[in-house]
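Step one of this worksheet: look at the structure below.
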Amino acid sequence: SVPSTSTTIDFVFTDGGNWDNNGGQDWHVTILSQSTVTAYQYQLDGSLDTVAQKIASSSDNDLNLWAHWNGTHLYLATEKASGSQDRFILLIRNPSVLTTAFWSKSGQVTSWDAFIGNEESNGWSGWFDSEGSVPGWAYAQTATGAGGYLEGTIGLAALFGSIPSSVYLASLGYASGDVGALQSQAPTGDGNGSVETMELVQ
């Protein structure tokens, strides 16, 4: 562990017999404080960012979920709304009780803190908080052209007041229109039409 007050690390190399001490000067690495590190900037252009890692898939791989954390913002992506399906990405800090699904969809969903909604009929997308309003601290963009992905970023400290040690996520596909049924989910669920805690990825 490096003490938080450190400014450099001094070191030498050895294979147990030979030493490299940089001509007696040792080797040095400067330690950057968190405030001086520039966080990776995500590109919301409808194509997956190269840093994104796949963290969940549906059983038929028709729906997938990608994520990346740059130290301040969480990047999330899934396939955009298409094929008569609206698409959603759930973000939950502490899964608890089931509640009525958002956007007048059928079934129930584990109570959420925020989600991205992407409407198939017109391509619109945006963030919603637990109150169902569009907040000012996050944004989302729907894919256009050949990209084919719904992407979004969110500042976790702005949402929760501090950065949590972990969050729970899911990508969902519902039939377009009111009372649309849950048709696909990543990670794969149990097929009962609702999204429960064990159907989230942490």
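The values are calculated or read from the model by the stated rules, or taken from the named source; none is laboratory data. All of these numbers come straight from a predicted model, not from anything done at the bench. Positions of Cβ are backbone-derived with ideal geometry, glycine not excepted, and every protein chain shown enters the neighbour counts. Heads up: the accessible areas ignore ligands, DNA and RNA and are worked out on the full protein's heavy atoms, side chains in. Shrake-Rupley method; radii C 1.70, N 1.55, O 1.52, S 1.80 Å.
Carbon-plus-sulfur fraction of the accessible area of the chain, 1.4 Å probe, in percent?
On the way: 5110 of 10550 Å².
On the chain, the fraction of accessible area on carbon and sulfur atoms equals 48 percent.
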Check your understanding: Using only helices, what value at 222 nm comes out for the chain when you add -39,500 (n - 2.57) per DSSP H run of length 4 or more and divide by the total residues, to the nearest 500 deg cm²/dmol?
Key -> -500 deg cm²/dmol
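Per residue, how large is the accessible surface of the chain? Use a 1.4 angstrom probe and give square angstrom. It would help to have the intermediate numbers written out before the result.
On the way: 10550 Å² over 202 residues.
Dividing the accessible area of the chain by its residue count gives 52 Å².
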Check your understanding: Stretched out fully, how many nm does the piece from ALA158 to HIS28 gain, at 0.36 nm a residue minus the Cα gap?
Key -> 43.2 nm
Point to revise | Cβ-placed point charges (K, R +1; D, E -1), dipole of the chain about Cα centre in debye, nearest 20 | key: 240 debye
Check your understanding: How many nm is it between the label spots at VAL134 and GLN202, if each spot is 7 Å from the Cα in line with the beta carbon?
Key -> 3.4 nm
Review point. Where the only charges are on Cβ atoms (+1 Lys, Arg; -1 Asp, Glu), what is the dipole of the range 40-133 about its Cα centre, to the nearest 20 debye?
Key: 200 debye
Exercise for review: Jot down the radius of gyration and Dmax of the range 1-127, Cα atoms only, both in angstrom.
Suggested key: 23.1, 71
Point to revise | Gain upon complete extension [GLN41, ASN18; 0.36 nm per residue less C-alpha separation] | key: 4.0 nm
Practice item. Could you work out how far apart the two model spin labels at TRP69 and TRP103 are, taking each label as a point 7 Å from the Cα in the direction of the beta carbon, and quote it in nm? Key: 2.7 nm
